[in-house]
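The values are calculated or read from the model by the stated rules, or taken from the named source; none is laboratory data. From a predicted model like this one, the values you see are computed outputs, not experimental measurements. Glycine gets a Cβ as well: all are built from the backbone with ideal geometry, and neighbour counts include every protein chain shown. Ligands, DNA and RNA are stripped out before the accessible areas are found, and what is left, the full protein with its side chains, is counted by its heavy atoms. Shrake-Rupley method; radii C 1.70, N 1.55, O 1.52, S 1.80 Å.
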Amino acid sequence: MNGFPILSVMLLVPALAAVACLFLGASQARWLALGATLVNLALGALLWLNFDIGGAQWQFVEHHEHVFGLFGWSLGIDGFALLLIELSVFLMPICIGASWEAIEMRVPEYMSLFLFTEVLMIGTFAAQDLFLFYIFFEAGLIPMYLIIGIWGGANRIYASYKFFLYTLLGSVVMFIAMLYMSIVAGTTSIPALMAYDFPPHVQTWLWLAFFASFAVKMPMWPVHTWLPDAHVQAPTAGSVILAGVLLKLGGYGFLRFSLPMFPEASAQLTWLVFALSAVAVIYTSLVALVQSDMKKLIAYSSVAHMAIVTIGLFAFNTQGIEGAMMVMLGHGLVSGALFLCVGVIYDRLHTREISRYGGLAINMPRYAALFMLFTMASVGLPGTSNFVGELLSLMGTYQVSTTITLLCTTGIILGAAYMLYLYRRVVFGELKSDDVRAMPDLSSREMWLLAPIAAVVLWMGVYPESFLAPMRKDTQTLLARIDRAKPAGDSLPTKGTGIVPAAHAETAAHGEAH
Amino acid sequence: MNYAAQLAMTLPEVVLSLGALALMLVAAWSGPNATRAISWAAVAVLAGACVALVGPATSGGSAFDGMYRADAFAGFAKTLIYVAAAVAILLAPGFFQRTAGDDLRPEYPVLILLSAVGMGIMVSAADLLTLYVGLELQSLAAYVLASFMRRDARSAEAGLKYFVLGALASGILLYGISLVYGFTGSTLFDEIAGAYAAAPLAGSTKSLGLMFGLVFVFAGLAFKISAVPFHMWTPDVYEGAPTPVTAFFATAPKVAAVGLALRVAITAMGPAAEQWRQIVIFAALASILLGAVAAIGQQNIKRLLAYSSINNVGFALIGLAAGTPEGVAAVLAYMAIYIAMTLGSFLVVLQMRDTDGQPIETIASLSGLSRTRPALAFGLAVFMFSLAGIPPLFGFYAKFAVFYAAVQAGLFPLAVFGIAFSVIGAYYYLRVVKTMYFDEPAGEYGPGDRLEGGLIVATAAIVSPLGYLAIPLLTAWTMAAAKALF
């Protein structure tokens, strides 16, 4: 990969395709979008194969400083960014496929906006310049606003405004903090800023400014209210990309900015993150339990899962951070798949009311099986992706706060409750009405959308080492940076005598499996 | 210094004045039929004035005993003014030909040229009297332009309103000038700065007089740049004036007035920066907030853009509040980008006409434009997102620059409130996009015009992410211009 600017190419391919789509007809635009996203998937595979695990922290680096005056075009990825880019390029062709028949109106614009979103997502993860990151991060509002507003459901206009203004308000304060940081530190390079020590009292303010943005993006309770609206109104593929990738921007932001740049402030305000997360897990799980709209239920479950991510990130230890990343990846796949599952039956019956369905296991067995797998994965059943992440994340948190871990673990129980309850109402029971009885099973196109996700979900559950390996060294680098501020835990583990403690046995087991 | 050298420094104004006078004679003899030819000739004169900026006119010297400054700052501002004036001239013939009434008249380009002379003097003025003469020359031409559609009651009303309130503003400014002259003993900026620097800090009659002078001068200038609380004429005038004239008002005179305010604030009253900074900060935040809130309920696209211009002036003032060379450079960059966005928006407004060519100004008529005229809707969406400051469009960089300067100067509360208020502003820009993209199509507009379409494409290209490539050039130019003031 010497000298080949693969990251720029991965940005350029969808960008050019996005422009080209605008000048094509519906059918050509579909094929071009599919082609471009598949090319990017191939490039993503190439990226992963050439990623030197355990090598330099920043790889595939491209530096063109000061091409934009105060900031420049610098790209580069570490393990965290690599995995999230892989998630993005993996979900994109699936999104295009999911929109193949569901979107009939203004197809070229739709495909163009999705490709534009892909550019911005990859750019956000690959940016190594503070302001380049901000541009990619913030620009994502435009395509999502249009996607929700044009192709969304009945209440789409309200949802699109709410999405746009909520997230914009969160981000602009972060922008002022970024300006301050670049002026004080004299650099806009993210790696340089990750090593720069701001005075602790300044850190607190900067941390809060970044928190305002990332907490909204995440989304954390109580600023999560835009998410259910946006999800319910967005078209299926929009929900997939929103849940699958855009929610990960918040977690990525904590990982890339809040923790390494403001370690003291992060330690100082861990209580805030923990408290909001604990509330989120319990409250949103309970809210999810009483939803009658399938998409809303999954949206609320996303908020609960993201809270597991935030507690893991702020646990200041290996298990917590690796677990948080695994939950992000797992949730990206599973919630994306669940939205696709909802989309499949929505396309047939044009309603998301849970009570309209029932007995789908009888006439849609293949659908029922796949839906079962993703339900179990969402619950966190061992052998699926979410189990690994949730277990690691909660184990990491346990070392810092037993109380919070106790509260957040109820999320798994409640998660099982609302997911299984959903599954029972939709798939089991009797076929109630004729229109439900007439629904055909998954078409081969739909199988092609769901099967790859199912395979990766199992892969992550059975052999998580593939995903843990790229970020292992980065986790250690991050921990070395923030270790000085590590908050004291309340679980006070004592050193064992000869017997390997449980927490180590888990990681050791992964190591041996490798 | 000999007269030849001094006239060489004022060459752009000389070219424009002679060109305007010559064209006026041509207009008087050939009548309305020659309007298009005279328009193109006027654009050629403006291009000539642009060329004349190279050399002595931007050498940094002063002419006429220090009353006129020919520096890089004036050069940058004049370039923007001439470009905006040229576009305003090009837009007019098509518009006046289509609208009812016999308004296609050759005086229009001549008036714009005279206005451009006034604006050039405004940004070059280094003396309160030069300043006033330039301002009045610009304003007089503008009053006539506002009421150019003689048979249209709204246009006449706009002209009258503009005249009365403009005269009031001139009066306030002149009163401030007289106070400043009385207490400093000079009208030259350099000597005024010396008097402000030497003035006792507080308590004496003299410092009180100087303060009053400063407040009145800034109030007069706030009128001219339409900053809150002296903005009330803007929506009415923008709505009533013919659209090409509104496009002109929103761009060139704005740049001239902002340039004038910058020079007065920095060179004449620089030592009193602590005093005027409070005024500027208040005007900035009030303009951003009111420009955003008042725009929400507007139904007329021209009124909406009027409030948008008030909002944008507020952002530009944030750079002035910083009071640093970076701040001034940021204001200049802001104005450059603002001109592109505003001209683009008004170019789209010009396309809003029924099949008979009569202008339509309601926002509701944009409904579903993305389906009837996708390219036009895309263009306006680009300008709206850019005005809202959403990356990756170039309008984001304008805000970036001014907020960078403010944070650099340590004005954190200003920066935080300013940017938080910008979210309110985003709402009404989004509303236009929503109308075009989410609503069902309304009636179709009449066919477009090739010249206007080309100009829309050009301005949209500047505002698009491609504009970022111009940042190093823009920064170098604006910094050179800003350094000329310090």
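Here is how the numbers come out for the structure above:
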{"quantity": "Listing of helices (runs of 4 or more DSSP H) fully contained in the stretch A:299-415 that carry 2 or more residues being under 25 Å from A:PHE467 (Cβ atoms) and among the β-branched types (Val, Ile, Thr)", "calculated": "A:318-349, A:365-379, A:385-398"}
{"quantity": "Matching residues, the stretch A:432-453, being buried (at least 17 other Cβ atoms within 10 Å of the Cβ) and among the acidic types (Asp, Glu)", "calculated": "A:GLU446"}
{"quantity": "Qualifying residue in the stretch A:246-261 (condition: touching a strand residue (DSSP E or B) at 6+ places or on another chain (Cβ under 8 Å) and either at pLDDT 90 or above or in a helix (DSSP H, G or I) (or both))", "calculated": "no"}
{"quantity": "Test: B:ALA292 is over 19 Å from B:THR246 (Cα atoms) and in contact with a Ser or Thr (Cβ under 8 Å, 6 or more places away or on another chain)", "calculated": "yes"}
{"quantity": "Qualifying residue in the stretch A:193-207 (condition: open to solvent by 40 Å² or more (accessible area, probe 1.4 Å), in a loop (DSSP other than H, G, I, E, B) and of a type in the set (Gly, Ala, Ser))", "calculated": "yes"}
{"quantity": "Matching residues, the stretch B:1-38, being at negative phi, assigned to a loop (DSSP other than H, G, I, E, B) and open to solvent by less than 20 Å² (accessible area, probe 1.4 Å)", "calculated": "B:THR10"}
{"quantity": "Selection within the stretch B:417-440 - among the β-branched types (Val, Ile, Thr) and either at the interface with chain A (Cβ under 7 Å from one of its Cβ atoms) or closer than 30 Å to B:ALA476 by Cβ (or both)", "calculated": "B:ILE419, B:VAL423"}
{"quantity": "Close pairs from the stretch B:41-68: first touching a residue at least 24 places away in the same chain (Cβ under 8 Å), partner of a type in the set (Lys, Arg) and crowded, with 16+ Cβ neighbours inside 10 Å, Cβ under 9 Å, at least 6 apart", "calculated": "B:ALA49/B:LYS78; B:CYS50/B:LYS78; B:LEU53/B:LYS78; B:ALA57/B:LYS78; B:GLY60/B:ARG69; B:GLY61/B:ARG69; B:SER62/B:ARG69; B:ALA63/B:ARG69"}
{"quantity": "Qualifying residue in the stretch B:452-465 (condition: crowded, with 16+ Cβ neighbours inside 10 Å, more than 9 Å from chain A (Cβ to nearest Cβ), of a type in the set (Asp, Glu) and part of a helix (DSSP H, G or I))", "calculated": "yes"}
{"quantity": "In the stretch B:212-263, the residues that are among the β-branched types (Val, Ile, Thr) and either free of Cβ contacts under 8 Å to residues at least 24 places away in the same chain or touching a strand residue (DSSP E or B) at 6+ places or on another chain (Cβ under 7 Å) (or both)", "calculated": "B:THR243"}
{"quantity": "Search result, residues across the stretch A:14-48 that are free of Cβ contacts under 8 Å to residues at least 60 places away in the same chain and in contact with a Ser or Thr (Cβ under 9 Å, 6 or more places away or on another chain)", "calculated": "A:ALA20, A:GLY44"}
{"quantity": "Condition check for A:GLU86: assigned to a helix (DSSP H, G or I), within 14 Å of chain B (Cβ to nearest Cβ) and not polar (S, T, N, Q)", "calculated": "no"}
{"quantity": "Output for the stretch B:397-416, where each listed residue is more than 8 Å from every other protein chain (Cβ to nearest Cβ), more than 18 Å from B:LEU387 (Cα to Cα) and either open to solvent by less than 10 Å² (accessible area, probe 1.4 Å) or not small (Gly, Ala, Ser) (or both)", "calculated": "B:ALA405, B:ALA406, B:LEU411, B:PRO413, B:LEU414"}
{"quantity": "Helices (runs of 4 or more DSSP H) lying entirely in the stretch B:322-387 (those with 1 or more residues that are more than 14 Å from chain A (Cβ to nearest Cβ))", "calculated": "B:325-351"}
{"quantity": "Evaluation of A:VAL107 against (1) in contact with a Lys or Arg (Cβ under 7 Å, 6 or more places away or on another chain); (2) away from chain B (no Cβ under 14 Å) (one fails), failing number", "calculated": "(2)"}
{"quantity": "Cβ-Cβ under 7 Å pairs, at least 6 apart or on other chains, the stretch A:296-321 side on the phi > 0 side of the Ramachandran plot, far side modelled with pLDDT of 90 or more and among the charged types (D, E, K, R)", "calculated": "none"}
{"quantity": "Selected residue [at pLDDT below 90, under 22 Å from A:ILE241 (Cβ atoms), out of contact with any strand residue (DSSP E or B) (no Cβ under 6 Å at 6 or more places or on another chain) and of a type in the set (A, V, I, L, M)] from A:ILE345, A:ILE362", "calculated": "A:ILE345"}
{"quantity": "Condition check for B:LEU366: in contact (Cβ under 8 Å) with a residue 12 or more places away in the chain, within 18 Å of B:LEU304 (Cα to Cα), out of contact with any strand residue (DSSP E or B) (no Cβ under 6 Å at 6 or more places or on another chain) and of a type outside the set (Asp, Glu)", "calculated": "yes"}
{"quantity": "Exclusive hit being crowded, with 21+ Cβ neighbours inside 10 Å and among the aromatic types (Phe, Trp, Tyr), set B:PHE212, B:PHE163, B:PHE148, B:PHE216", "calculated": "B:PHE148"}
{"quantity": "Hey, A:MET220 facing another protein chain (nearest Cβ under 10 Å), touching a residue at least 12 places away in the same chain (Cβ under 8 Å) and aliphatic (A, V, I, L, M) or not", "calculated": "no"}
{"quantity": "Hits in the stretch B:166-186 (condition: open to solvent by 20 Å² or more (accessible area, probe 1.4 Å) and over 25 Å from the mean Cα position of the chain (by Cα))", "calculated": "B:SER178, B:LEU179, B:TYR181, B:GLY182, B:PHE183, B:THR184, B:GLY185"}
{"quantity": "Yes/no for A:PHE68 being of a type outside the set (Val, Ile, Thr), more than 20 Å from B:TYR468 (Cα to Cα), in contact (Cβ under 8 Å) with a residue 12 or more places away in the chain and crowded, with 19+ Cβ neighbours inside 10 Å", "calculated": "no"}
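Results for (1) crowded, with 24+ Cβ neighbours inside 10 Å; (2) of a type outside the set (Asp, Glu); (3) within 19 Å of A:ALA139 (Cα to Cα); (4) touching a Gly at 6+ places or on another chain (Cβ under 9 Å), shown as yes or no for each residue.
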position: A:LYS248; (1), (2), (3), (4): yes, yes, yes, yes
position: A:LEU255; (1), (2), (3), (4): yes, yes, no, no
position: A:PRO260; (1), (2), (3), (4): no, yes, no, no
position: A:PRO263; (1), (2), (3), (4): no, yes, no, no
position: A:VAL273; (1), (2), (3), (4): no, yes, no, no
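Residues checked against (1) acidic (Asp, Glu); (2) under 23 Å from B:ALA398 (Cβ atoms); (3) open to solvent by 10 Å² or more (accessible area, probe 1.4 Å); (4) in a helix (DSSP H, G or I):
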residue: A:GLY76; (1), (2), (3), (4): no, no, no, no
residue: A:ALA81; (1), (2), (3), (4): no, no, no, yes
residue: A:LEU91; (1), (2), (3), (4): no, no, no, yes
residue: A:ILE103; (1), (2), (3), (4): no, no, yes, no
residue: A:GLU109; (1), (2), (3), (4): yes, no, yes, yes
residue: A:GLY123; (1), (2), (3), (4): no, yes, no, yes
residue: A:TYR134; (1), (2), (3), (4): no, yes, no, yes
residue: A:SER160; (1), (2), (3), (4): no, no, no, yes
